[in-house]
Structure formats: C-alpha cells, structure tokens
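Worksheet: the structure to be examined is printed underneath.
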Amino acid sequence: MFNIPIFLQTAGLLVMSNVFMTFAWYGHLRNLSEKPWYIAALISWGIALCEYMLQVPANRIGFQSFSLAQLKILQEVITLSVFVPFAMFYMDQPFKTDYIWAALCLVGAVYFIFRS
C-alpha cells in the first residue's frame, strides 16, 4: 500500500473534514435560509457526521507524531485556509485584509507551537 507521511495523512483528512465542517456551520445560511432553524440544524448535523468521520481519524493519526497543541494549531490554520475561499466564492463575501492579519497571527502560532 501507500506509505504516506503522517503529516500529509493528518493534514489531508483535516482539510476534507474542514470542508464538511464549514458547510455544516455556514452553508445553511445560503441554502436553507427559508427553512425553519431545526431543519437546518438536522441537515447540518448530518453534514457534521461526515466531518467527524474524517476529523477523528485525522487526530488519531496525527497524535502519533504531534502534540495536542500542534494538532489544534494545524486545525486552526486549515480552518482559515478553507473558510476564506468558502466565504468569498460560495457565500459571495468580499475579501478582507483582516484575513491576512489573521493568517499572520496563525503563522506566529505555528512558529511557537512547532519550534523545538
């Protein structure tokens, strides 16, 4: 079989997980705005189940090589990396320079959490 490095397995699963998470948390604002909130919640829970089916193995795989704090910061970097294109291209939100500042803060977080 394939010998994929733990970092790539973890990051790949977390990216896919975050796509589902982002749609579960925010997609209903576009697609289900005319439906009652409980319908949106039920559909979001179904989408979130797919997220958890990827996120749990990602963290279990990642925990073999990374600390809990490193996994959390990796998750946050991936979350912003998925959220910004989702907001701009799917939700038609304008790009904000605040996204750049947030990303720079996360670069600092990555530095401090991953330094030896």
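The values are calculated or read from the model by the stated rules, or taken from the named source; none is laboratory data. No experiment lies behind these values; they were computed from the predicted model shown. Cβ: placed from backbone, ideal geometry, glycine included. Neighbour counts: every protein chain shown.
Which condition from (1) within 26 Å of Ile4 (Cα to Cα); (2) modelled with pLDDT of 95 or more; (3) surrounded by 13 or more Cβ atoms within 10 Å (Cβ to Cβ) is the one that Ser44 breaks?
(1)
Over 26 Å from Phe112 (Cβ atoms) and touching a helix residue (DSSP H, G or I) at 6+ places or on another chain (Cβ under 8 Å): which single residue out of Phe83, Phe23 fits that description?
Only one candidate passes the filter, namely Phe23.
Is it the case that region 18-41 has a residue that's modelled with pLDDT of 95 or more, within 25 Å of Val110 (Cβ to Cβ) and of a type in the set (S, T, N, Q)?
There is at least one residue in region 18-41 that is modelled with pLDDT of 95 or more, within 25 Å of Val110 (Cβ to Cβ) and of a type in the set (S, T, N, Q).
Out of region 59-115, which residues are among the aromatic types (Phe, Trp, Tyr) and within 20 Å of Ala24 (Cβ to Cβ)?
Across region 59-115, the qualifying residues are Phe83, Phe86, Phe89, Tyr90.
In region 1-39, how many are over 18 Å from Ala87 (Cβ atoms) and in contact with a Gly (Cβ under 9 Å, 6 or more places away or on another chain)?
So the answer is 8.
If only one of Ala103, Ala69, Ala48 is more than 22 Å from Ser116 (Cα to Cα) and either in contact with a strand residue (DSSP E or B) (Cβ under 8 Å, 6 or more places away or on another chain) or small (Gly, Ala, Ser) (or both), which one is it?
When all the criteria are applied, what remains is Ala48.
If you check every pair at least six apart or on different chains, which have Cβ atoms under 9 Å apart with a residue in region 5-24 that is more than 14 Å from Pro57 (Cα to Cα) first and a residue that is outside any helix (DSSP H, G or I) second?
Pro5/Ser65
Assess whether Val84 counts as being in contact (Cβ under 8 Å) with a residue 24 or more places away in the chain and among the hydrophobic types (A, V, I, L, M, F, W, C).
no
Any residue in region 92-115 that is farther than 29 Å from Ser67 by Cα sitting within a Cβ distance under 8 Å of a residue that is outside any loop (DSSP other than H, G, I, E, B) and at pLDDT 95 or above? List the pairs, counting only those 6 or more apart or interchain.
The qualifying pairs are Gln93/Ala87; Pro94/Met88; Phe95/Val84; Phe95/Met88.
Identify the single condition in (1) more than 29 Å from Leu104 (Cα to Cα); (2) touching a residue at least 60 places away in the same chain (Cβ under 8 Å); (3) aromatic (Phe, Trp, Tyr) that Trp45 does not satisfy, given that it satisfies every other one.
(2)
Take the conditions surrounded by fewer than 16 Cβ atoms within 10 Å (Cβ to Cβ), within 14 Å of the chain's Cα centre (by Cα), under 29 Å from Ile4 (Cα atoms) and not basic (Lys, Arg) and apply them to Val110. Does it pass?
No: the conditions fail for Val110.
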